[in-house]
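Enquirer: Have a look at the structure that comes next, please.
The values are calculated or read from the model by the stated rules, or taken from the named source; none is laboratory data. Small disclaimer: the values here were computed from a predicted structure and weren't measured. So basically every Cβ, Gly included, is an ideal-geometry build from the backbone, and we count neighbours across all protein chains shown.
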Amino acid sequence: LHHPFSIDIFEDYIYGVTYANNIVFRVNKFGKGPMENLTTGINHATDIVLYHRYKQPESEFHGPVCTCPNGHTLDNGICVVSSPTLSPPSPPAGTCNLQCRNGGSCFLNAHKQPKCRCQPNYRGERCEVDQCRDHCHNGGTCAASSTGYPTCRCPVGFTGPTCNQRTCMDYCLNKGICSVSQGNQPTCSCPPGFLGDKCQYSQCEGYCINEGTCMQTSDGTRQCVCPPKFTGRTCEVDKCLYCGNGRCLHSGAHRRGEVTCNCTNGRVQASCYTCSDFCVNGLCSSNPRTQLPECQCHSGWAGHRCNAVDTSKEPSVKSGTGSASIVIPLLMLLLLILLLAGAILWYKKRTH
């Protein structure tokens, strides 16, 4: 991650925006899988706050609940600048005769209306509602929230906003066996012939090369999990090719580990090429996960750098050329016959 500037957390993921390039990303907080780039046409993103119906649900008594940007807190439905001290702001002078319950205090809002500022565990017009009462199920531990809606810390084996769902329920596919770690994360043990974190892929043969593992989805789509040294749709590209005139560095035993490049400019990086000089006959983009340039070739070109002629289209061209070479002479012969027949008829009419 390139200098995370702001982050927010929800369920199993950490969301953030980076200081460099302003990339909005998502990464599993338990280290599962790579970082995902969520940036879609956002320019100069400097803060991130998540909205979800389980994170900012509608309050039973107050309607929608606001979520505030960093540096602000919610005070009676309004986002205000956070106070540098922990002491609550003193209420404005005036008449405040509202009877607040459960330790709540009365104050006048900006419209001089009396309101209750409730203790963390309570909400409601007069702080009469205990947030945590009967909120969490299956032994979950309740924690009050300043947004007016509590959160639950679930015991191992349960999940959901109120711990009302079993962690393993419908998680593993194709008769995989589910188990739960101490971090309450489900893990699948797949039966023979199936792969994936949820056993969602079936094994396939003859598609991936260079010892890549072939996985097939239920709709027949195939994809490859490549060894660290290779990439591409079928693991056909040796990552050392990205080093160009630089030196290819291998990690791990037998030169089969991850590959980096020692480039001629002195830097050690994933690729010595950039998008300005990589794709010969195509459009280039940078893969946010691998940091490698990727090409989308123009028509008639192929290869990971679009520098090879696409031979897959040659048979159709040859077929068209062959058909043309047969049809044209036949048309010429037919035209010659018609001209000859016309000349004969003209000659006979003239002699009569």
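Enquirer: It is to be established whether one or more residues within region 148-157 are over 38 Å from the mean Cα position of the chain (by Cα) and among the charged types (D, E, K, R).
Expert: No, region 148-157 contains no residue that is over 38 Å from the mean Cα position of the chain (by Cα) and among the charged types (D, E, K, R).
Enquirer: Looking at region 259-273, can you tell me whether even one residue there is in contact with a helix residue (DSSP H, G or I) (Cβ under 9 Å, 6 or more places away or on another chain), more than 29 Å from residue 28 (Cβ to Cβ) and without any contact (Cβ under 8 Å) to a residue 24 or more places away in the chain?
Expert: Yes, region 259-273 contains a residue that is in contact with a helix residue (DSSP H, G or I) (Cβ under 9 Å, 6 or more places away or on another chain), more than 29 Å from residue 28 (Cβ to Cβ) and without any contact (Cβ under 8 Å) to a residue 24 or more places away in the chain.
Enquirer: Counting just the residues of region 119-150 that are of a type in the set (Gly, Ala, Ser) and buried (at least 19 other Cβ atoms within 10 Å of the Cβ), which one comes out farthest from residue 108 (Cα to Cα)?
Expert: Only one residue fits best here, namely 140.
Enquirer: Right, here's the next one. Residue check: is residue 349 surrounded by fewer than 10 Cβ atoms within 10 Å (Cβ to Cβ) and modelled with pLDDT under 85?
Expert: yes
Enquirer: Hey, among 36, 11, which residue is at pLDDT 80 or above, of a type in the set (Asp, Glu) and more than 27 Å from residue 149 (Cα to Cα)?
Expert: 36
Enquirer: Restricting attention to strands (runs of 3 or more DSSP E) lying wholly within region 105-171, give those where 3 or more residues are farther than 22 Å from residue 11 by Cα.
Expert: Answer list for region 105-171: 105-108, 114-117.
Enquirer: Would you check if residue 302 is under 38 Å from the mean Cα position of the chain (by Cα), aliphatic (A, V, I, L, M), modelled with pLDDT of 85 or more and under 17 Å from residue 240 (Cα atoms)?
Expert: It is false that residue 302 is under 38 Å from the mean Cα position of the chain (by Cα), aliphatic (A, V, I, L, M), modelled with pLDDT of 85 or more and under 17 Å from residue 240 (Cα atoms).
Enquirer: Being on the phi > 0 side of the Ramachandran plot and of a type in the set (A, V, I, L, M, F, W, C) narrows it down to one residue among 163, 154; which is it?
Expert: The match here is 163.
Enquirer: What are the residue pairs meeting all of these: first residue in region 167-196, first residue surrounded by 15 or more Cβ atoms within 10 Å (Cβ to Cβ), second residue of a type in the set (Lys, Arg) and assigned to a loop (DSSP other than H, G, I, E, B), Cβ atoms under 6 Å, and 6 or more apart or on different chains?
Expert: 172/198; 173/198; 188/198
Enquirer: For region 18-33, what are the residues that are farther than 17 Å from residue 50 by Cα, among the hydrophobic types (A, V, I, L, M, F, W, C) and either assigned by TED's automatic domain parsing to the domain that holds residue 197 or modelled with pLDDT under 80 (or both)?
Expert: Selection gives 20 alone.
Enquirer: Another question, then. State all residues of region 163-196 that are among the hydroxyl-bearing types (Ser, Thr, Tyr) and closer than 23 Å to residue 215 by Cα; if no residue qualifies, say none.
Expert: Residues satisfying the conditions are 171, 179, 187, 189.
Enquirer: Can residue 247 be described as modelled with pLDDT of 90 or more and more than 30 Å from residue 189 (Cα to Cα)?
Expert: Against the criterion (modelled with pLDDT of 90 or more and more than 30 Å from residue 189 (Cα to Cα)), residue 247 qualifies.
Enquirer: From the list 69, 84, 4, which one is out of contact with any Asp or Glu (no Cβ under 8 Å at 6 or more places or on another chain), farther than 19 Å from residue 144 by Cα and at pLDDT below 70?
Expert: Residue meeting the stated conditions: 84.
Enquirer: Looking at (1) at pLDDT 90 or above; (2) under 25 Å from the mean Cα position of the chain (by Cα); (3) part of a loop (DSSP other than H, G, I, E, B); (4) of a type outside the set (D, E, K, R), which one does residue 218 not meet, given that it meets all the others?
Expert: For residue 218, the failing item is (1).
Enquirer: Run residue 264 past the list (1) part of a loop (DSSP other than H, G, I, E, B); (2) touching a strand residue (DSSP E or B) at 6+ places or on another chain (Cβ under 8 Å); (3) at pLDDT 80 or above and report the number of the one that doesn't hold.
Expert: (2)
Enquirer: On to the next question. Could you tell me whether any residue of region 202-209 is within 18 Å of residue 303 (Cα to Cα), part of a loop (DSSP other than H, G, I, E, B) and in contact with a helix residue (DSSP H, G or I) (Cβ under 7 Å, 6 or more places away or on another chain)?
Expert: No, every residue in region 202-209 fails to be within 18 Å of residue 303 (Cα to Cα), part of a loop (DSSP other than H, G, I, E, B) and in contact with a helix residue (DSSP H, G or I) (Cβ under 7 Å, 6 or more places away or on another chain).
Enquirer: Do any residues in region 15-33 that are under 18 Å from residue 186 (Cβ atoms) have Cβ atoms under 7 Å from those of residues that are assigned to a loop (DSSP other than H, G, I, E, B) and at pLDDT below 85, where the two are at least six apart or on different chains, and which pairs are they?
Expert: Sorted first by the residue in region 15-33, then by its partner, the pairs are 28/12; 29/12; 30/12; 30/183.
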